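Shown next, in structure tokens, is the structure this report addresses.
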């Protein structure tokens with residue numbers, strides 16, 4: 001199952017709706033009736049800190065990029081797929097894991113898939129070394145995959161955020177592959193990106209050579225709270 005696949009909706013220009021995020025600095029609305037305010041995070045060096053997880057980490061871009069073709073995107077935080085028209089101006093806000101978050105000149109945030117990175121001025125992702133991958137224990141590699149998944153508005157991977165409640169790797173039967181079972185939550189129950197994140201995890205796990213089926217369940221008991229984040233994540237997000 002590919003992330004975000006489904007019926008597309010047209011882009012609505014104008015003011016973006018405020019997110020219901022719990023985390024300070026993410027999509028906080030301005031005064032009543034005003035436009036949404038986007039707070040840009042200050043990132044460290046690539047590959048450092050709790051945001052590191054196999055992808056590149058960049059500082060928010062200041063250069064507008066003019067789209068030379070129509071671009072498929074997922075609307076943040078609602079989670080449905082749409083298209084950004086040719087001629088739209090976008091800014092890359094973050095690239096973590098294997099997706100990028102951009103803002104558009106007409107308002108709103110959008111997640112861009114790695115196949116479309118060249119269209120927004122980013123390099124294509126390198127292909128993993130399958131032989132080196134299989135030399136490490138499967139459970140260790142499964143957790144690495146989970147650390148490569150990000151909420152598109154928060155520059156910390158979902159493991160450090162405390163969104164993974166349980167991860168179980170079944171022992172393989174003779175000549176078979178292992179099944180993986182993941183139980184996760186979201187920072188806010190009403191977040192429309194939940195299905196997108198779950199599908200991302202499932203797709204990445206099932207791409208692993210020695211994984212057969214991946215099952216990802218989104219739960220809300222117990223409810224997520226900030227104390228579930230790692231110390232490094234709380235430090236990066238300013239909760240000290």
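If you take the Cα centroid of the range 132-189 and the Cα centroid of the range 84-109, the two points sit 27 Å apart.
Set the Cα radius of gyration of the range 58-118 against 2.2 N^0.38 Å, with N its number of residues, and you get 1.00. Restricting attention to the range 130-237, close to 50% of DSSP beta bridges with both partner residues there are antiparallel. Diagonalising the gyration tensor over the Cα atoms of the range 98-166 and scaling each eigenvalue by 5 before taking the square root yields semi-axes of 27, 19, 6 Å, largest first. Hydrodynamic estimate: the Kirkwood radius of the range 130-237 over Cα pairs, inserted into Stokes-Einstein at 37 °C and 0.692 mPa s, corresponds to D of 226 µm²/s. Measuring spread by the Cα atoms of the range 69-201 yields a radius of gyration and Dmax of 16.8, 55 Å.
Each value in this text was obtained by applying a stated rule to the coordinates, not by laboratory testing. Just so you know, these numbers come straight off a predicted model, no measurement behind them.
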